[in-house]
1. Within region 88-126, take every residue that is assigned to a helix (DSSP H, G or I) and touching a Phe, Trp or Tyr at 6+ places or on another chain (Cβ under 6 Å) and give me the one that is farthest from Lys144 (Cα to Cα).
2. So which of Asp146, Asp50 ends up being modelled with pLDDT under 95 and loosely packed, with under 13 Cβ neighbours inside 10 Å?
Amino acid sequence: MKLPALILSLATLAAASLAALADGTIGYVRVLKGDAYLTQNGQQAKATQDAALLRGSRIRTEAGASLGLVLLDNTVMALGPGSELSLDEFLYSPGQNRFVLDAALKRGTLSYLAGAIAQHNPGGVTVKTPTGSVGVRGSHFAIKVDDR
């Protein structure tokens, strides 16, 4: 009896992931404290918990705010107060063996925990900053970009 329930659960999860990819969703805001804003498709809106993230999303946290997000490959990112991050490219296609994540931290702090993209393609994750870029070869890092 447990095996059919497990199969049904996995099928439902797979269908939800495929549906998310089909509508352009690459992840979700999972934790939000304070005020943060998402700019997607040229429209800015106040961030909410469980808000969908799209490729090209720009995320900005206000002073005193923090935001945690999870991408579809289980990459976890946390932004501290006064941060600005863009999710420039996200390609998670295990069937085609294509794995890319490009992001840019303009200011603030970012904590990163690797998901499947970094595991399958160690050179496929890059986080750019105003003064350089971080190529992810490990499982986690933290970075701070000062306003200048």
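1. Per the stated criteria, the residue is His120.
2. When all the criteria are applied, what remains is Asp146.
The values are calculated or read from the model by the stated rules, or taken from the named source; none is laboratory data. Everything numeric in this text was worked out from a predicted model, so none of it was measured. Please note: Cβ atoms are built from the backbone with ideal geometry, for glycine as well, and neighbour counts cover all protein chains shown.
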